[in-house]
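As C-alpha cells, the structure follows; a few thoughts come after it.
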Amino acid sequence: MNYTDSKKTFALTTPLYYVNDIPHIGSAYTTIAADVVARYQRMRGNSVLLITGNDEHGQKIERAAQARGLSPQVHCDEIVTGFEKLWQKLNIQYDRFSRTTAERHHAIVKEFFHRVWDAGDIYLSQQKGWYCVACEEFKEERELLEGRRCSLHPNKEVEWRDEENYFFRLSKYQTQLEKLYQERPDFIQPETRRNEVLNFVSQGLQDFSISRVNLDWGFPIPTDPKHTIYVWFDALLGYVTALLEPDEEPTIKNALAKWWPIDLHLIGKDILRFHAVYWPAMLMSANVALPGRVFGHGFLTKDGQKISKTLGNTIDPIALVDRYGADAVRYYFMKEIEFGKDGDFNEVNRFIPILNADLANDLGNLLNRTLKMAYKYCGGEVPNVNGADIPAENPLKTIGLTLGTQVAQAYENLAFSNACEAVLGMIRTGNKYIDEQAPWTLYKQGNQPAVEQVLYSVLESVRLAAYLLSPIIPGISNDIYQQLGFGTNFNDKTQLSNTADFTVHASWGTLPAKQKLGEPRPIFQKLEVAETSS
Ligand code: ME8
C-alpha cells in the first residue's frame, strides 16, 4: 500500500445553523459527517480546520425571540449553548465556532460589502414578491404550492413584500458561473445536485436583494443604515470570519491568509442554491478565490415521514445521544444512509437492529470471544506471530491487505456507508473464519502454531477495523485498542497525525506479537427497545 499524499491543510464547514429553535436531528447529521471527514483528514496527517457555528440574524430569529418574550441576543445566547452542548455530547471536534452576532464578524461583513459595492455590483431597486420567512428567501410564483405555500414549509404562509431593497447583480455572473461548473465538474457534488444547479442556472439568473427594511435584527447596510443586511449575505460570510485567529484584527486579508480556500462546504440539499450559486458569485465580485467543493447531502425523514413540528415527530438529538451514546448515533447515520441520498431514521426497525447486528454481534462478539481465547491459549498476549508470515491465502489477510486503500477511498468520496460496509465485511468473514478454523479444537489437538495464527489473524482484523472506523466510532475504537494493549486515544487530535502513521496503522499485519492484552469487556451493550420508542 502506498499513501503518497504529502501533508496539507484541509478546511471544511458545516452550515451555520439557525437559532430559531433547539438543534434539529438534521444539524446533527451534517455535523457528524463533517466531524468524520475532519477526523479522517487528521488521520491522514493533514492539518485540519473544522468550522461549525450559528446563524443568528434575520426575521426568523427575531420572531422566535419575540415569541419567547426575550431580546434576540438573549434568545440566541441560550440556543447557541444547546448547540455547543450537543456537539460535545456527539464528540464533535470542531476547531472554530462561528457566531454571526460576533463583533469581528460585523467588521468582515462591512468590508466585504464595500468590496462588492466598489465592484459596482450593488444597486437600489424595488423588491416585490412572496417571502418565506422560514427559508429567509423570496420565492418565485412557480415555486409555490397551491394556496401560496412554500414547498419546504407547507404549513407556513409566504408573505407579500413590496419594498425598496439593495440588490446584488447575480445576473452579471451567469457566464462565469457556467464556466466554473464546466471547468470544475467536482465543484458541486453529488452529481444529482450538480444537475439541479445547472438546470437552475440555465433558466437565467436574477439579481437578488441583499437588504431588508423594517428589520432591526441584523447589521445595517454601511452606506444606508435604515436597511439591514439580508441574513444570507451575512451568514455565508460567517465562514470567512471563522478563519480568523482568536485575537487577530478582523480583516478579510487576515481571514484568508492561512486556510482559504475552504476545501469543502458540507450542507443539506435545501441550501444548495445559496452555496453553489450565490456564494461563488459573491466571492467573484469581491475578488476572492472560490472554495474547493460544495457537497449537498440528502434529507432525513422519520419512519418515512418528513420531520416537522406540525407532525409532532421531531427527534431531539440530545435525548437520542443520552439514550444510546455518541458512537451509536454516529454509526447509524453514517452506515445506514448513502451520503448524498435521502434517508430514514427508524428507531425500532433500523436503528436498534443495525447497531445490535454490527457493533454488538459482529464486531463486539468477535473481539470478545477471540480475546478470551487469547487469554486461555496464549497467556493474555497477542499470539507470537508475525503478520507478514501468515500465508496470503488466509481470507482475513486477503481482505485486510487492500482494505485500508478501499476505506480511505470511501472517506475521500464521502461514501461513509461504503466504508462501514467494507470494514464489516471483513469482520463477518472473521466470524466465519473462526468458526471454521475452530481454534478450540486445534488447541485440543495440540496444534499451538495453528491456534496462534488463527487468533492473530482475527485480532489483527479487529484492530484494523477499529482503526479504519475510528473517524466514525472513536469511543469504541479506543476501547478496542485498549483491549488489544495499545495506549492510543483516537480523541487526541495530536496523536496519529502524520502520514507515516496512517501507512502503518491502515496496513494489515502490524499488530505487535506478544503485546500484553487488556481485559476483555463488551465494547457495545446490546440495545433493547425502550418502552417510549415508537
Ligand atoms: O439553513 N435532513 O440553517 P438551518 C438532513 N442558517 N439535514 C437536515 C435536515 C433534514 N431533515 N434538516 C436540516 C440554515 N438539516 C442557514 C445556513 S450557512 C451559511 C447558513 C441540516 O438551521 C442540513 O445540513 O436551517 C441543512 O442544510 C441545514 O441543517 C439547514 O440548517
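Modelled spin labels at residue 125 and residue 448, positioned 7 Å past Cα toward Cβ, are 8.6 nm from each other.
Residue separation times 0.36 nm, minus the C-alpha to C-alpha distance between residue 421 and residue 153: what's the value?
Going from the current span to full extension adds 93.0 nm.
Full extension of the chain between residue 71 and residue 493 yields a length gain of 148.1 nm, computed as 0.36 nm times the residue separation minus the alpha carbon distance. If you plug the beta carbon distance of residue 500 and residue 258 into 1/(1 + (r/R0)^6) with R0 = 22 Å, you get a FRET efficiency near 0.35.
Counted over the chain, the DSSP beta bridges are approximately 50% antiparallel. Report, to the nearest 10°, how far helix 448-469 tilts away from the longest principal axis of the Cα atoms in the chain, using its own Cα long axis and a range of 0 to 90°. Approximately 10 degrees, to the nearest 10. Pairs of Cα atoms nearer than 8 Å and 6+ residues apart set the relative contact order; for the chain it is 17 percent. Remark: the chain is approximated by an ellipsoid whose semi-axes, taken from the C-alpha gyration tensor as √(5λ), come to 49, 24, 20 Å, largest first. Pairs exceeding 21 Å between alpha-carbon atoms, taken from 60/302; 306/341; 8/179: 60/302; 8/179.
Compute the helix-to-body angle for 103-118: its Cα long axis versus the longest principal axis of the chain, expressed 0 to 90° and rounded to tens. The two axes meet at around 60 degrees.
Between the alpha-carbon centres of the stretch 509-528 and the stretch 423-478 there is a gap of 10 Å. For trypsin sites (Lys or Arg not before Pro), the sites in the stretch 1-76 that DSSP calls loop and that have at most 13 other Cβ atoms within 10 Å are 7, 8, 68. The stretch 107-131 and the stretch 28-46 have Cα centres separated by 34 Å.
Listed by chain and number, the lysines whose alpha-carbon sits under 18 Å from that of residue 89, ignoring those within fewer than 8 places in the same chain, are 493. Modelled spin labels at residue 513 and residue 270, positioned 7 Å past Cα toward Cβ, are 5.8 nm from each other.
Which value, in nm² and rounded to one decimal, describes the direction-averaged projected area of the C-alpha convex hull of the stretch 81-133? If you can, show how the numbers build up before the last one.
Working: hull surface 26.6 nm².
It is 6.7 nm².
Among the cysteines of the chain, those with no neighbouring cysteine Cβ under 4.7 Å are 76, 378, 420.
Hey, what's the Cα Rg ratio for the stretch 285-335 versus the globular rule of thumb, 2.2 N^0.38 Å? Don't jump to the answer; show the numbers that get you there.
Working: Rg = 16.8 Å, N = 51, 2.2 N^0.38 = 9.8 Å.
Computed over Cα atoms of the stretch 285-335, the ratio equals 1.71.
If one takes the longest principal axis of the Cα atoms in the chain, at what angle in degrees, from 0 to 90 and to the nearest 10, does the Cα axis of helix 326-336 lie? With both axes taken from Cα atoms, the answer is about 80 degrees. Would you report the distance distribution of C-alpha pairs in the stretch 346-505 as whole percents per 5 angstrom bin, up to the bin with the largest distance? All Cα pairs, binned at 5 Å, distribute as 1, 8, 17, 21, 21, 15, 9, 4, 2, 0 percent.
Placing pseudo-labels 7 Å out from each Cα toward the beta carbon at residue 386 and residue 338 gives an inter-label distance of 4.4 nm.
Bear in mind that the values in this text are calculations on the coordinates, not laboratory data. Quick caveat: nothing in here was measured; it's all calculated off a predicted structure. All Cβ positions, glycine included, derive from the backbone under ideal geometry; neighbour counts span all protein chains shown.
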